[in-house]
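Student: Can you read through this structure? Questions will come right after.
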Amino acid sequence: MQNERKPLYMQIQQHFKDMILQGVLRENDKIPSEKELMEQFDVSRITVANALMQLAKDGWIYRIPGRGSFVSEGISELLQRHQGSAAPDGGPWTVLDGNFGALTHNVTSFGGALTDAQQGGSEAGIQAPGRKTIGLVMPMLVDYFAIRLLQGINNIIADSPYSLQIVLTYNSIDREKEAINDLIRKGAAGLIIFPCDAETYNEEILSLKMRGYPFVLIDRYLPGVATNLSRSDGLIGGQLAIDYLWGLGHRDIAICSDSPLPTITVEERINGYMEALKQKEAMINPALILTDFNVDYREIDKKHPLYRFIKNQIATAYITLNGRLGLHIYSICKELGLKVPEDVSILTFDDPSPGLHEWGYFSHISQSEIEMGEAAARILLDIFQKPDAKDSGYTKVILEPKLIESQSTGPLRKRTT
């Protein structure tokens, strides 16, 4: 009976964890498709997507667009930790090696031995024979936003003489520094860097700038520091979100982040949110700016301030600063018996669904991730082709976000008393 009280997406997660722990599913075994899981568990696509994203975040599976979900090749190490043999702090890094169409999922610890998938020569894990390497340093690969960025990058480099080496930093500045240095040491021709959430600059990125090393920042930037850059305009995104929900009649509109760190992307979107309210001569209610807590996506915590906020129906609409948080709020609403969008509207930054169908459930602010990735790769390839042009300035591509309306938002419904 205890299992029945768990949210459905957690029950699906546990089902696959049990199958992996019992050896029924092994490394690289394919997980059933989303459609098959919807039928097997009699749940919605949102529930399935939430479950698979969390399994990927925790390292149980990896996902390849167009091919499906698979048990991680590094699952044996995760099982050892699960069974009590914990890895030391700063644990393994996940390295995805090769072109996007045929990603392999390799796990290694810096300073340790290479996994079987990486054997084949010293440093060969970074640079394949006959091909130069571009390093991609990014915090996480747990949602479709990140996957679409990769797709965009690969669209450009697929026919180039470069292969892509991806290192995940798990949102740690120390790991980010190590990743940058290690990729350069192993011969990467240039880097695309998605900076991790942090209150301070990573001085290693500033060092790259001073040395004239080829690199491009993607999605996030360093305020006041000129670099090559590909990103979306968060200020416009925040304004778009308010304008749309305001037009639906909502006045109590909350904006939510899943981390208290004051990153530049969070600040930009909140500034856009406040600017749009000012233009409407509306009062800005600080209680509706929910950015001072972390969110644990492994469970729904009834004591969490976000849960209590939603339960008390303080807001009629929520803007989430990433798609995963939108899924989480949807799950909380479902547990509380609140209907989306009849009782609560949810508008996410980025589409938390695969985007394979026109009928994706969530209304969202699209940052054109594929185009963002393509722009970053083009900038880097241009630097390689014109090395003397680096003194002529930096290339910045700032994309204008788009509003995509779907089923998770609707007109304000008057509450009955």
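Student: Conditions first: (1) surrounded by fewer than 19 Cβ atoms within 10 Å (Cβ to Cβ); (2) among the aliphatic types (A, V, I, L, M); (3) more than 17 Å from the chain's Cα centre (by Cα); (4) within 28 Å of Ala56 (Cα to Cα). Ala198 passes all but one, so which condition is the exception?
Tutor: The number of the failed condition is (3).
Student: Please verify whether Gln385 is within 19 Å of the chain's Cα centre (by Cα) and not basic (Lys, Arg), treating the condition exactly as stated. Steps first, answer last, please.
Tutor: Working: within 19 Å of the chain's Cα centre (by Cα): no; not basic (Lys, Arg): yes.
Considered against the rule, which asks whether it is within 19 Å of the chain's Cα centre (by Cα) and not basic (Lys, Arg), Gln385 comes out as no.
Student: Taking into account only those residues within region 174-191 that are part of a loop (DSSP other than H, G, I, E, B) and at negative phi, which is surrounded by the fewest Cβ atoms within 10 Å (Cβ to Cβ)?
Tutor: Keep residues of region 174-191 that are part of a loop (DSSP other than H, G, I, E, B), which gives 186-189.
Narrowing further to those that are at negative phi: 186, 188-189.
Numbers: Lys186: 16, Ala188: 24, Ala189: 19.
Looking at residues that are part of a loop (DSSP other than H, G, I, E, B) and at negative phi, I get Lys186.
Student: While we're looking at this one, here's another question. Exactly one of (1) out of contact with any Pro (no Cβ under 7 Å at 6 or more places or on another chain); (2) within 22 Å of Gly323 (Cβ to Cβ); (3) surrounded by 12 or more Cβ atoms within 10 Å (Cβ to Cβ); (4) modelled with pLDDT under 85 is unmet by Lys6. Its number?
Tutor: So Lys6 meets the others, but not (2).
Student: Having 1 or more residues that are within 19 Å of His328 (Cβ to Cβ) and either open to solvent by 50 Å² or more (accessible area, probe 1.4 Å) or modelled with pLDDT of 80 or more (or both) is the bar; report the helices (runs of 4 or more DSSP H) wholly within region 29-89 that clear it. It would help to see each step written out before you state the result.
Tutor: Details: elements: 34-41, 45-57, 75-82.
Once the helices (runs of 4 or more DSSP H) in region 29-89 are filtered for at least 1 residues that are within 19 Å of His328 (Cβ to Cβ) and either open to solvent by 50 Å² or more (accessible area, probe 1.4 Å) or modelled with pLDDT of 80 or more (or both), what remains is 34-41, 45-57.
Student: Check every one of the helices (runs of 4 or more DSSP H) wholly within region 262-377 and list those with 3 or more residues that are within 19 Å of Leu8 (Cα to Cα) and either within 22 Å of the chain's Cα centre (by Cα) or small (Gly, Ala, Ser) (or both). Lay out the reasoning, then the answer.
Tutor: Working: elements: 264-279, 305-311, 323-336.
Result: 323-336.
Student: Mind checking which pairs have a first residue in region 330-343 that is free of Cβ contacts under 8 Å to residues at least 60 places away in the same chain and a second that is among the aliphatic types (A, V, I, L, M) and crowded, with 20+ Cβ neighbours inside 10 Å, Cβ under 6 Å, 6 or more apart or different chains?
Tutor: Ile332/Ile310; Cys333/Val340; Cys333/Val344; Leu338/Val344
Student: If you go through region 226-244 one residue at a time, do you hit one that is touching a residue at least 12 places away in the same chain (Cβ under 8 Å), among the basic types (Lys, Arg) and within 21 Å of Glu369 (Cα to Cα)? Break it down stepwise before answering.
Tutor: Step one: of region 226-244, the residues touching a residue at least 12 places away in the same chain (Cβ under 8 Å) are 226-244.
Filter once more, so that each one left must be among the basic types (Lys, Arg): 231.
Adding the requirement that they be within 21 Å of Glu369 (Cα to Cα) leaves 231.
For region 226-244, residues touching a residue at least 12 places away in the same chain (Cβ under 8 Å), among the basic types (Lys, Arg) and within 21 Å of Glu369 (Cα to Cα): present.
Student: Separate question: Quick one: in region 217-250, of everything that is assigned to a strand (DSSP E or B) and of a type outside the set (Gly, Ala, Ser), which residue is most open to solvent (accessible area, probe 1.4 Å)? Write out each step before concluding.
Tutor: The initial filter retains those residues of region 217-250 that are assigned to a strand (DSSP E or B), namely 217-218, 229-232.
Adding the requirement that they be of a type outside the set (Gly, Ala, Ser) leaves 217-218, 229, 231.
Numbers: Leu217: 0, Ile218: 2, Leu229: 8, Arg231: 24 Å².
Per the stated criteria, the residue is Arg231.
Student: Specify the residue that is nearest to Ile255 (Cα to Cα); the eligible residues are those in region 289-314 that are open to solvent by less than 90 Å² (accessible area, probe 1.4 Å) and either touching a Lys or Arg at 6+ places or on another chain (Cβ under 6 Å) or free of Cβ contacts under 8 Å to residues at least 24 places away in the same chain (or both).
Tutor: Result: Pro305.
The values are calculated or read from the model by the stated rules, or taken from the named source; none is laboratory data. Predicted, not measured: the structure shown is a model, and the values here were computed from it. Cβ coordinates were reconstructed from backbone atoms using ideal geometry, including for glycine residues, and neighbour counts include every protein chain displayed. Keep in mind that these areas ignore ligands, DNA and RNA; they rest on the heavy atoms of the full protein, side chains included. Shrake-Rupley method; radii C 1.70, N 1.55, O 1.52, S 1.80 Å.
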